[in-house]
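Chemist: Pasting in a structure now, in structure tokens, and then I'll have a few things to ask.
The values are calculated or read from the model by the stated rules, or taken from the named source; none is laboratory data. What you see is a predicted model, and the numbers here were worked out from it, not measured in a lab. A quick note on method: Cβ atoms are made from the backbone with ideal geometry, for glycine too, and the neighbour counts reach across all protein chains shown.
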Amino acid sequence: MTYKSIKGTKDLLPSESWKWQWVEGKIRDVMLVFNFREIRTPVFEETPLFSRSIGELTDIVSKEMYSFQDRSGDSLSLRPEMTASVVRAYIQHSLGEQFPLVKVYYIGPMFRQERPQAGRLRQFHQFGAEAIGAQNPTLDVEMIALAIAVYEALGLKKTALRINSVGCENCRPAYKELLKQSLWKVRDELSLDSQRRLESNPLRVLDSKAEEDQRAIVGIPLLRDHLCADCLAHINGVIDGLKDLGISYEEDGRLVRGLDYYTKTAFEIISKDLGAQDALTGGGRYDLLTEELGGKRTPGIGFAAGMERLMTVLEKQKLIPDGDKRITLFIAALGREAQRWAMKQALELRRRGLSVELDFLDRSLKSQMREADRLQARYVMIVGENEMMNRTVTVKTMETGEQKSVAFADVTSFVDTSGND
Ligand code: HAM
């Protein structure tokens, strides 16, 4: 019996993991200069946390959550996203009392039982950020600028920002009714999915990708034209701010996003180098969520971005530098005594910060040299019986082929002066 990883999940092997570390490093650097600090929350939570915040009728909650009962009968779910967990932590730890504006970021795995395809996994990873505590449209601009700054730091090209307002509890209900009425008129032309959503979640019909839906909804009233004064002023404020920063955007009246907690600003950053699943980043405001989850009413906004999709685009645009996988020194030891000396020497040099590898397979000198080559070691230190007797090692500089005899006592200072260049 052999085992395989579960459909829709991926192993990140050493040949790839360094690329992720490089990208994560860039993300962390940008987060820090924008004064966002990392938050890590558990990967599972009580199921109602997600169903209440994301919405019972959304695809994520109704079809995609990994929910299970633990041994005490509680319903728990693997997190399908982070916003709910961050807001839960915000309330639980009274973070708002310590800081008027809480700015946090995260990088980690999320879980959704989707049909696996390019750009859709069941365990995928997101980096994201949330800012809780301010209503000002400048914060929306800050969040969008942050997401773009990450992509800029990575050198990403061909991204586009789409933005919309999804209104608030004052203007959305009346618009929803209006939308329902208009959709009823074209009901027969809609896809089956959209026909089903017409009553439960009519807004989602707007951003359906099905061609028949796109055709049927041409001319349907958009929320943009039915916003209350407050929501209109807000989105205009965001747009002014984007203009001030020279961030190009496209207003997309049909952008609604698949999570119910959004109010006012909703946005996506897409990449033209992705296929059908072209959203790199999705985000928006959630001014009612904190209250919905039992806290004081506190406005918030955030975004999350798929790491796998980001990696796909970075690879496509050849933006990941060649990894420096070289080690500095390989100690080729022959015989038990030499191996013992090599172990001690390696530890000593590693403590000084040098990357050192040695042989654990009792290989011949020739195959140890081959291994040193494969690892692209800069130096090889050869220790056999003779060297043990003379208390010297032979050090070979791989690039030039030059060899030197170095006394045991001088090895550390020799490597210190030549090994760190
Ligand atoms: P979301 O749009 O569901 O939003 O996900 C954000 C991003 O995660 C997507 O744009 C995509 O890049 C990636 N993603 C989502 N599902 C998958 C999947 N199955 N496989 C691979 N990548 C995926 C949220 O999660 C919100 N929490 C964003 C947010 C934060 N809004 C406010 N704050």
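Chemist: Which residues, taken from segment 290-300, are crowded, with 17+ Cβ neighbours inside 10 Å and more than 9 Å from the ligand (Cβ to nearest atom)?
Modeler: Thr290, Leu293, Gly295, Thr298, Pro299
Chemist: Please state which of the following conditions Ile320 fails to meet, knowing it meets all the rest: (1) more than 24 Å from Ser62 (Cα to Cα); (2) buried (at least 20 other Cβ atoms within 10 Å of the Cβ).
Modeler: Going through the list (1) more than 24 Å from Ser62 (Cα to Cα); (2) buried (at least 20 other Cβ atoms within 10 Å of the Cβ), Ile320 breaks only (2).
Chemist: Identify the single condition in (1) over 30 Å from Pro116 (Cβ atoms); (2) small (Gly, Ala, Ser); (3) touching an Asp or Glu at 6+ places or on another chain (Cβ under 9 Å) that Gly302 does not satisfy, given that it satisfies every other one.
Modeler: It is condition (1) that Gly302 fails.
Chemist: A further question follows. Would you point out the residue of segment 92-122, among those that are more than 21 Å from the chain's Cα centre (by Cα) and of a type outside the set (Gly, Ala, Ser), that is surrounded by the most Cβ atoms within 10 Å (Cβ to Cβ)? Outline the logic, then answer.
Modeler: Of segment 92-122, the ones more than 21 Å from the chain's Cα centre (by Cα) are 92-101.
Then keep just the ones that are of a type outside the set (Gly, Ala, Ser); that gives 92-93, 95, 97-101.
Values: Gln92: 12, His93: 12, Leu95: 19, Glu97: 8, Gln98: 8, Phe99: 12, Pro100: 10, Leu101: 14.
Checking each candidate, the answer is Leu95.
Listed here are the residues, each with its yes/no results for (1) touching a residue at least 24 places away in the same chain (Cβ under 8 Å); (2) in a loop (DSSP other than H, G, I, E, B); (3) outside the structural domain of Phe408 (by TED's automatic domain parsing); (4) of a type in the set (Lys, Arg).
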| residue | (1), (2), (3), (4) |
| --- | --- |
| Leu349 | yes, no, no, no |
| Leu354 | yes, yes, no, no |
| Leu361 | no, yes, no, no |
| Lys366 | no, no, no, yes |
| Met369 | yes, no, no, no |
| Asp373 | yes, no, no, no |
| Ala377 | yes, yes, no, no |
| Val380 | yes, no, no, no |
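Chemist: If you don't mind, there's one more thing I want to ask. Please go through segment 186-207 and pick out each residue that is among the small types (Gly, Ala, Ser) and touching a helix residue (DSSP H, G or I) at 6+ places or on another chain (Cβ under 8 Å).
Modeler: Listed by number, the residues that qualify are Ser191, Ser194.
Chemist: Only one of Ala134, Ala84, Ala89 is crowded, with 22+ Cβ neighbours inside 10 Å and not polar (S, T, N, Q); which?
Modeler: Ala84
Chemist: Tally the residues that are among the β-branched types (Val, Ile, Thr) and touching a helix residue (DSSP H, G or I) at 6+ places or on another chain (Cβ under 6 Å), restricting the search to segment 273-331.
Modeler: Residues of segment 273-331 among the β-branched types (Val, Ile, Thr): 281, 290, 298, 301, 312-313, 320, 327-328, 331.
Filter once more, so that each one left must be touching a helix residue (DSSP H, G or I) at 6+ places or on another chain (Cβ under 6 Å): 281, 290, 298, 301, 320, 331.
Residues flagged as among the β-branched types (Val, Ile, Thr) and touching a helix residue (DSSP H, G or I) at 6+ places or on another chain (Cβ under 6 Å) within segment 273-331 amount to 6.
Chemist: Only residues in segment 155-166 that are at pLDDT 95 or above count as the first member; pair them with residues that are among the acidic types (Asp, Glu) and not in a strand (DSSP E or B), Cβ under 6 angstrom, at least 6 apart or cross-chain, and list the lot.
Modeler: Arg162/Asp252; Asn164/Asp252
Chemist: If you don't mind, there's one more thing I want to ask. Please go through segment 255-313 and pick out each residue that is farther than 18 Å from His125 by Cα, out of contact with any Phe, Trp or Tyr (no Cβ under 6 Å at 6 or more places or on another chain) and among the hydrophobic types (A, V, I, L, M, F, W, C).
Modeler: Leu255, Val256, Ala266, Phe267, Ala276, Leu288, Leu293, Ile301
Chemist: If I filter segment 256-279 for residues that are on the phi > 0 side of the Ramachandran plot and in contact with a strand residue (DSSP E or B) (Cβ under 7 Å, 6 or more places away or on another chain), do I get at least one hit? Don't jump to the end; show me each part of the working.
Modeler: The initial filter retains those residues of segment 256-279 that are on the phi > 0 side of the Ramachandran plot, namely 257, 264.
Applying the additional criterion that residues be in contact with a strand residue (DSSP E or B) (Cβ under 7 Å, 6 or more places away or on another chain) yields 257, 264.
Among the residues of segment 256-279, at least one is on the phi > 0 side of the Ramachandran plot and in contact with a strand residue (DSSP E or B) (Cβ under 7 Å, 6 or more places away or on another chain), which makes the answer yes.
Chemist: How many residues are touching a residue at least 24 places away in the same chain (Cβ under 8 Å), crowded, with 16+ Cβ neighbours inside 10 Å and out of contact with any Lys or Arg (no Cβ under 6 Å at 6 or more places or on another chain) if we restrict to segment 191-212?
Modeler: Count: 2.
Chemist: Sticking with this one: Considering only residues of segment 4-23 that are loosely packed, with under 11 Cβ neighbours inside 10 Å and within 25 Å of Arg115 (Cβ to Cβ), which is nearest to the chain's Cα centre (by Cα)?
Modeler: Asp11
Chemist: While we're looking at this one, here's another question. Can you confirm whether segment 57-65 contains a residue that is crowded, with 16+ Cβ neighbours inside 10 Å, of a type in the set (S, T, N, Q), in a loop (DSSP other than H, G, I, E, B) and within 14 Å of the ligand (Cβ to nearest atom)?
Modeler: Yes, that holds for at least one residue.
Chemist: Does Asn170 satisfy the criteria of being of a type outside the set (D, E, K, R) and in a loop (DSSP other than H, G, I, E, B)?
Modeler: Criteria met by Asn170.
Chemist: Moving on to the next point. Just to be sure, is Glu251 in the same structural domain as Asn164 (by TED's automatic domain parsing), under 27 Å from His125 (Cβ atoms), surrounded by fewer than 20 Cβ atoms within 10 Å (Cβ to Cβ) and among the charged types (D, E, K, R)?
Modeler: no
Chemist: Select from segment 257-282 the residues that are in contact (Cβ under 8 Å) with a residue 60 or more places away in the chain, among the hydrophobic types (A, V, I, L, M, F, W, C) and within 11 Å of the ligand (Cβ to nearest atom) and write down the one among them that is surrounded by the most Cβ atoms within 10 Å (Cβ to Cβ).
Modeler: That would be Phe267.
Chemist: Continuing with the same structure: Can you give me the ranges of the strands (runs of 3 or more DSSP E) entirely in segment 66-161 with at least 3 residues that are in the same structural domain as Trp20 (by TED's automatic domain parsing) and within 12 Å of the ligand (Cβ to nearest atom)?
Modeler: 102-111, 123-132
Chemist: Regarding Arg285, is this residue crowded, with 21+ Cβ neighbours inside 10 Å, at pLDDT 95 or above, over 23 Å from Lys209 (Cα atoms) and not polar (S, T, N, Q)? Give the derivation first.
Modeler: On the way: crowded, with 21+ Cβ neighbours inside 10 Å: yes; at pLDDT 95 or above: yes; over 23 Å from Lys209 (Cα atoms): yes; not polar (S, T, N, Q): yes.
Here the answer is yes, as Arg285 does meet what is asked.
Chemist: Further, regarding this structure: Scan segment 292-334 for residues that are outside any loop (DSSP other than H, G, I, E, B), charged (D, E, K, R) and over 30 Å from Ser165 (Cα atoms) and jot them down. Before you say what the answer is, go through the steps one by one.
Modeler: Going residue by residue through segment 292-334, those that are outside any loop (DSSP other than H, G, I, E, B) are 292, 300-316, 329-333.
Filter again for charged (D, E, K, R), leaving 292, 308-309, 315-316.
Residues satisfying the conditions are Glu315, Lys316.
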